[in-house]
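Here's the structure, in structure tokens; my notes come after.
The values are calculated or read from the model by the stated rules, or taken from the named source; none is laboratory data. Computed from a predicted structure; not experimentally measured. Don't worry about glycine lacking a Cβ; one is built from the backbone with ideal geometry, like all the others, and counts go over all protein chains shown. Just so you know, the surface numbers come from the protein's heavy atoms only, side chains and all, with ligands and any DNA or RNA stripped out. Shrake-Rupley method; radii C 1.70, N 1.55, O 1.52, S 1.80 Å.
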Amino acid sequence: MRIARVASRAQLGLAAPPVQVEVHLGGGLPTFSIVGLPAAAVRESKDRVRAALAIGKFEWPAGRITVNLSPADLPKEGCRYDLPIALGIVVASGQLEVSDARLESCEFYGELGLAGELKPVRGVLLAAAHAARAGRHVVVPKGNLAEARLASPTGARSAATLLEVCERLAARNDHVDNVDEVAAAPGTLAPLPATALDLADVRGQAAPKRALLVAAAGAHSILMVGPPGTGKSMLAQRLPGLLPPLESDDALDVATIASVSLRGFEPRDFGRRPFRAPHHSASASAVIGGGPQARPGEVSLAHRGVLFLDELPEFNRAVLESLREPLESGVVAISRARLQVEYPARFQLVAAMNPCPCGFLGDASGRCRCAPPVVARYRSRISGPLLDRIDLRVEVPALQSEELLGEGGADVTAMSSVAAAERVNGARHRQLQRAGKLNSDLTSNEIQRHCRLDRNCRRLLAQARERLNLSARAMHRALRVARTVADLDESGAANATGPAIGPAHLAEALQLRRAID
Ligand SMILES: [Zn+2]
């Protein structure tokens, strides 16, 4: 009788609690049981492990094999434990000589194919980060190596097959790296350019571009209203390119969330700000997160990036309502029968909608036949509380023919993404220096402190309040945006708290919220 213990980890949201895979060989009739996994996963894992051992020319031990995945009450997915289970059987049956210390210094992850090959599994980045913190190496399938290296640059090892894992463990020295491995892994954590899409590629639309610049500078959410085909999506796709590169901690968070998602993580996306654009038919669990494994939804996949909701009124009402929590707090909590997990969801919301159901309200052709009550009903699908959280609202009108032909278009219209990003960077720097946060996050107390108005501005705001019937929330939004507009203005005299808000800044801010009132 012998027991082998192999280390691995489960995945629970963005936590990775340790799992001990214990393999016990006993006498008696030949049986193979796995405890601590859901029934369906056990059956599949057994078949794969048995096949992989046979292919690897290992002997299947006679007698009773019991595999215990502890702690038993932790929810687990089956595939990633194939490698630790198979390895445990090989070690317990004495077919692989390896010291306990050597075995304990590593964690193992991998699904076994029927030919003994190791297939990539989800969530390796997260597991590798935790293993590195615990001072352990990780051994992962080749397809997961680049991902594991991001979190554990020196402690990640990979293998193509079960046999290769065993050969390396049996080798006396720790010379497990080969040249291929090092070459396949990304060398640095240098963030990539966010996107190849350039603002200069969008014809005309000076006002919406200016609004996009303000949105980028202050991390303000933005709603674009206009008929189909005016470039709303093109503009939204260019927002990530205006934002500063991700900090390396944020880049790792973004990659980790992708790594535990259904789609998985692509190493080539590392360091890019995410851009997510779910279809309006998407379910609440797809957008917010959920399902049996409590996977992250679009709001979390868009963490530190952009969530683009095109045709906003067409989204399910429940989906739109559930956006309020992450917009407010930057996290989402998902509860399932056996688990409760939290994912970060600090995204910048970009929404777009038509002005009416047919899309051509106000068009010069007069083709819109939508009756006013129909238009009102269409717009009322977006609730007040959600609209309240959108700082900027801008019209994206149909292009004039000279704009389409590329005539004219000075200043902002012709601005490249690189030039715009530079201005955004400067404005963000001023905000962080002054308040330690971006303007969209200013609380009402902080607004009082950082958005001081002179007498002219106060008069302008009072007039606007009366004329536009602004709520207290709407006033705060206008002040936050005015702060950002001033931060973008490099011509004004700057004092210790950054450029003062002038009447022109405030007037622009009030203009930037008028598209649908
Ligand atoms: Zn219409």
Response to the item:
Excluding ligands, DNA and RNA, the carbon-plus-sulfur percentage of the accessible area of the stretch 190-273 with a 1.4 Å probe reads 52 percent
Practice prompt. Rank-order 367-376, 274-283 by packing density, defined as the average count of other C-beta atoms within 10 Å over each peptide's residues, highest first.
Written response: 274-283, 367-376
Worksheet item: Where the only charges are on Cβ atoms (+1 Lys, Arg; -1 Asp, Glu), what is the dipole of the chain about its Cα centre, to the nearest 20 debye?
Response: 1360 debye
Worksheet entry | Ranking by accessible area, most exposed first, for 441, 391, 249 with a 1.4 Å probe | 249, 441, 391
Worksheet entry | Value of D in µm² per second that Stokes-Einstein yields for the chain, Kirkwood Rh from Cα pairs, at 20 °C (1.002 mPa s) | 83 µm²/s
Fill in: Test item: Cα-centred dipole of the stretch 207-353, Lys/Arg +1 and Asp/Glu -1 on Cβ, debye
240 debye
Worksheet item: Heavy-atom accessible area of residue 342 with all protein chains present, probe 1.4 Å, nearest 10 Å²?
Response: 120 Å²
Practice prompt. Please find the FRET efficiency linking residue 433 to residue 35, where r is the Cβ-Cβ separation and R0 is fixed at 51 Å, and quote it to the nearest 0.05.
Written response: 0.35
Discussion item. Need the full-extension length gain, residue 491 to residue 388, defined as separation in residues times 0.36 nm minus the C-alpha distance. One decimal, nm.
Written reply: 34.0 nm
Worksheet entry | In Å², nearest 10: area of residue 458 left accessible to a 1.4 Å probe | 130 Å²
Worksheet, complete the sentence: Pseudo-spin-label distance residue 57 to residue 441, built 7 Å along Cα→Cβ, given in nm, is 5.8 nm
Worksheet item: Alpha carbon centre of the stretch 144-164 versus the stretch 197-265: separation in Å?
Response: 33 Å
Worksheet item: Which Cα, out of 169, 425, 347, lies furthest along the positive dipole direction of the chain (beta carbon charges, K/R +1, D/E -1)?
Response: 347
Worksheet item: How large is the helix-only mean residue ellipticity at 222 nm for the chain, computed as the sum of -39500 (n - 2.57) over DSSP H runs with n ≥ 4, divided by its residue count, in deg cm²/dmol to the nearest 500?
Response: -11000 deg cm²/dmol
Fill in: Cross-link partners of residue 209 among lysines (Cα-Cα below 17 Å; sequence separation of 8 or more within a chain)
232
Worksheet item: Could you give the length gained on full extension between residue 449 and residue 283, defined as 0.36 nm per residue of separation minus the Cα-Cα distance, in nm?
Response: 55.6 nm
Worksheet, complete the sentence: So the FRET efficiency between residue 104 and residue 468, C-beta based with R0 = 51 Å and rounded to 0.05, is 0.15
Worksheet entry | Loop-located GluC sites (Glu not before Pro) in the stretch 82-126 whose Cβ has at most 12 other Cβ within 10 Å (DSSP) | 97
Worksheet entry | Simple label model, 7 Å out from Cα along Cβ direction - residue 376 to residue 456, nm | 4.0 nm
Discussion item. Quick check: residue separation of residue 249 and residue 314 times 0.36 nm, minus the Cα distance between them. What number comes out in nm?
Written reply: 19.9 nm
Worksheet item: Percent antiparallel among DSSP beta bridges with both residues in the chain, to the nearest 5?
Response: 50 percent
Response to the item:
Share of accessible surface on carbon and sulfur in the stretch 1-159, whole %, 1.4 Å probe and ligands ignored, is 56 percent
Fill in: Accessible surface, the chain, averaged per residue in Å² (probe 1.4 Å)
45 Å²
Worksheet item: Quick one, what does Rg over Rh come out to for the stretch 308-362 if you take C-alpha atoms and the Kirkwood Rh?
Response: 1.13
Worksheet item: If ligands, DNA and RNA are left out, what is the accessible area of residue 119 with a 1.4 Å probe, given in Å² to the nearest 10?
Response: 80 Å²
